[in-house]
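The values are calculated or read from the model by the stated rules, or taken from the named source; none is laboratory data. Keep in mind that what you see is a predicted model, and the values were worked out from it rather than measured. Cβ: placed from backbone, ideal geometry, glycine included. Neighbour counts: every protein chain shown. Accessible surface areas use protein heavy atoms only, side chains included; no ligands, DNA or RNA. Shrake-Rupley method; radii C 1.70, N 1.55, O 1.52, S 1.80 Å.
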Amino acid sequence: MSPVINDQYRKQAILFAVTNHFVHAMIETDAQVVAQQLLQQFAFNLSALGMIYDEVGILLHNHPTIKVQYVRRTANNVAHVMASNSKQFSSETFYFSVLSFLQTT
């Protein structure tokens, strides 16, 4: 999947948390560079994805209870299982309870 699509998904996750008034939310990523870019909220970003990083940085600044955290890929088995199973969906899907395929993870 392209970096632009991945970063758009991260942005959508943050917008979802904001729109639904989540008091606290943790957005985890196994992309360490992405986590570092998002934590540099006020550094002007000239990369190809800079505009997305800047928008997300503003969202995070305005909603300090929403955090982005780097998690090693090997420690993030649940996210990997969810991503693998998400290929069957044709639209965005949000989960509010533990799904059956995750209960054995």
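Please list the non-local residues whose amide H lies under 5 Å from the amide H of residue 68, H modeled 1.01 Å from N, same-chain partners needing a gap of 5 or more.
27
Considering only protein heavy atoms, with the full assembly of protein chains and a 1.4 angstrom probe, order 33, 78, 71 by accessible area, largest first. Can you show the working numbers first?
Numbers: 33 95, 78 70, 71 20 Å².
So the residues, ranked largest to smallest area, are 33, 78, 71.
To the nearest µm²/s, what D does Stokes-Einstein give for the chain at 25 °C and 0.890 mPa s, using the Kirkwood radius over alpha carbon pairs as Rh? List each step's numbers first, then the result.
On the way: Rh = 14.8 Å.
Once the numbers are plugged in, D ends up at 166 µm²/s.
Test of understanding: in a Gaussian network model of the chain with alpha carbons linked when under 10 Å, which of 68, 81, 56 would top the mean-square fluctuation ranking?
Checking each option, the largest mean-square fluctuation is seen for 81.
Taking a probe of 1.4 angstrom, what is the accessible area of residue 22 in Å², to the nearest 10?
Accessible area of residue 22: about 80 Å².
Expressed as a whole percentage, what fraction of the accessible surface of the chain belongs to carbon and sulfur atoms when a 1.4 Å probe is rolled over the protein heavy atoms? Could the numbers behind the result be given before it?
Working: 4320 of 7390 Å².
About 58 percent, which is the carbon plus sulfur part of the accessible surface.
Normalised by the number of residues in the chain, what is the relative contact order in percent for Cα pairs under 8 Å and 6+ residues apart?
On the way: 83 pairs, mean separation 30.6, N = 105.
After rounding, I find 29 percent.
Between beta-carbons, use under 15 Å as the cut-off and find the net charge around residue 34, counting Lys and Arg +1, Asp and Glu -1.
On the way: positive: 10, 11, 67, 72, 73; negative: 7, 28, 30, 54, 55.
My count for the surroundings of residue 34 gives 0.
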